[in-house]
Amino acid sequence: MYLMQFVRNIWAGVAGPGVAEVDTVEAARLIDKQKAVVIDVRSDAEYAARRIPNARHVSLRQLPAQIAGLEKYKDRPIVVNCRTGSRSRSAVAYLAENGFEEVYNLKGGLMAWARARQTIEN
């Protein structure tokens, strides 16, 4: 039942109140200084085309099924990204609801990351 509601919320753009966001500068600092984990929730094709270096891929639709595999990162900051920051916002809300305490949405997503001239893998 929760999975169906989660999927409906994804398409409705519902992410819940209080989703923490970071801009590209803060995200880069978290990655470099605090060894933050980057989780990319875009589609397989989007991820294959370009991504933030070392980002782990968990498509948004697969997040509920794959959350157990992310448990090992609960003690580290997590930066979640998508193309523009919408899908990742939903993922951040879901992770926070499931006990992940330091999880952030990359404001503006990969598009903002690219505009800021941060490194992108192809």
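The values are calculated or read from the model by the stated rules, or taken from the named source; none is laboratory data. Because the structure is a prediction, the values reported are computed rather than measured. As a convention, Cβ positions derive from the backbone with ideal geometry for all residues, glycine included, and neighbour counts pool all protein chains shown. Keep in mind that these areas ignore ligands, DNA and RNA; they rest on the heavy atoms of the full protein, side chains included. Shrake-Rupley method; radii C 1.70, N 1.55, O 1.52, S 1.80 Å.
Filter segment 101-113 down to the residues that are on the phi < 0 side of the Ramachandran plot and modelled with pLDDT of 95 or more and list them by number. Glu102, Val103, Tyr104, Asn105, Leu106, Lys107, Leu110, Met111, Ala112, Trp113, listed by residue number. Restricting Leu63, Leu30 to those that are assigned to a helix (DSSP H, G or I), buried (at least 18 other Cβ atoms within 10 Å of the Cβ), in contact with a Pro (Cβ under 7 Å, 6 or more places away or on another chain) and modelled with pLDDT of 95 or more reduces the list to Leu30.
Could you look through segment 33-50, keep only residues that are open to solvent by less than 40 Å² (accessible area, probe 1.4 Å) and among the charged types (D, E, K, R), and pick out the one that is farthest from Phe100 (Cα to Cα)?
In the first step, residues of segment 33-50 are kept if they are open to solvent by less than 40 Å² (accessible area, probe 1.4 Å); the result is 36-42.
Applying the additional criterion that residues be among the charged types (D, E, K, R) yields 40, 42.
Details: Asp40: 16, Arg42: 20 Å.
Within segment 33-50, the match that is farthest from Phe100 (Cα to Cα) is Arg42.
Is it the case, given these coordinates, that Arg8 is open to solvent by 80 Å² or more (accessible area, probe 1.4 Å), at pLDDT 95 or above and not in a loop (DSSP other than H, G, I, E, B)? No: the conditions fail for Arg8. Taking the condition of being open to solvent by less than 70 Å² (accessible area, probe 1.4 Å), under 22 Å from Asn122 (Cα atoms) and part of a loop (DSSP other than H, G, I, E, B), how many residues in segment 66-109 meet it? Looking only at that region, the number is 4. Applying a threshold of 8 Å to beta carbon distances and a minimum spacing of six or more residues, or different chains, the list of pairs starting in segment 82-93 at a residue that is at positive phi and ending at one that is open to solvent by 10 Å² or more (accessible area, probe 1.4 Å) reads Gly85/Glu21; Gly85/Lys107; Gly85/Gly108; Gly85/Ala112.
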